[in-house]
Amino acid sequence: MTVALSVRQPFAWAIFHAGMDVDNRDWPTQLRGRVLIHATATVRQEDYNAFQRACRNPEHWLCQAILQSGGLPRKEDLLRGGILGEVEIADCVTEHPSPWFTGPYGFVLRNPQIMPFKPVFGSLRFFDVDEPHLGNLGCSAVRGIKQGTRSRHD
């Protein structure tokens, strides 16, 4: 069994494509190590608009990160409702120099690894996953996916 974290799009995309190194939360965690990143089933228009607004200013740090990744996918092309990959949670902080940090808590992310998309029901916060047929994907956090069970790792 391993742990997954649901992240809204386009932030989940940004972890793997635009150098997002801090995931902001309103709750802290003691969890450290590799976790799966689950993209939520919906994309909030306000979140997508924030990325689009940044791209209107080529000097904006977010615009530069998006351009380096090849550009922001269309909203309807963002993968949703499943596992995108894995990342290491290295720390949980209340201050960080990254432009991605807005607080109040930031999960410091390292070494993102994309994996083949796997549709899975998510859950709020961390949730446990277990489904042996994912074990051959080559990602160290993956031992599989069990749909929607709450984790005790918060």
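Flag: ASP26 does not match the condition of being touching a residue at least 12 places away in the same chain (Cβ under 8 Å), surrounded by 14 or more Cβ atoms within 10 Å (Cβ to Cβ) and more than 19 Å from ILE83 (Cα to Cα). Within segment 106-125, the only residue that satisfies the criterion of being at positive phi and charged (D, E, K, R) is ARG125. Scanning segment 80-98 for residues that are closer than 15 Å to MET20 by Cα and either among the polar types (S, T, N, Q) or touching a His at 6+ places or on another chain (Cβ under 9 Å) (or both), we see that the one that is surrounded by the most Cβ atoms within 10 Å (Cβ to Cβ) is LEU84.
Out of curiosity, is PRO104 farther than 15 Å from PHE11 by Cα and either in contact with a Leu (Cβ under 9 Å, 6 or more places away or on another chain) or at pLDDT below 95 (or both)? No: the conditions fail for PRO104. Checked against (1) out of contact with any Gly (no Cβ under 7 Å at 6 or more places or on another chain); (2) assigned to a loop (DSSP other than H, G, I, E, B); (3) surrounded by 14 or more Cβ atoms within 10 Å (Cβ to Cβ); (4) of a type outside the set (D, E, K, R), ASN57 meets all criteria but (3). Do we find a residue being of a type in the set (Val, Ile, Thr) and touching a strand residue (DSSP E or B) at 6+ places or on another chain (Cβ under 9 Å) anywhere in segment 55-78? No, segment 55-78 contains no residue that is of a type in the set (Val, Ile, Thr) and touching a strand residue (DSSP E or B) at 6+ places or on another chain (Cβ under 9 Å). Checking each residue in segment 1-49 for being under 16 Å from THR102 (Cβ atoms) and charged (D, E, K, R) picks out ARG8, ASP21, ASP23, ARG25, ASP26, ARG44, GLU46, ASP47.
Looking only at segment 33-49, decide whether some residue is in contact with a Cys (Cβ under 6 Å, 6 or more places away or on another chain) and part of a loop (DSSP other than H, G, I, E, B). The answer is no; no qualifying residue exists. Residue check: is ILE15 in a helix (DSSP H, G or I), at pLDDT below 95 and buried (at least 17 other Cβ atoms within 10 Å of the Cβ)? No; evaluated as a whole, the condition is false for this residue. Applying the condition of being surrounded by 14 or more Cβ atoms within 10 Å (Cβ to Cβ) and touching a strand residue (DSSP E or B) at 6+ places or on another chain (Cβ under 8 Å) to segment 99-112 and asking which residue is farthest from GLY19 (Cα to Cα) yields TYR105.
The values are calculated or read from the model by the stated rules, or taken from the named source; none is laboratory data. Remember, it's a predicted structure, so these values are computed and weren't measured experimentally. Heads up, the Cβs are rebuilt from the backbone with ideal geometry, glycines too, and the neighbour counts pull from every protein chain shown.
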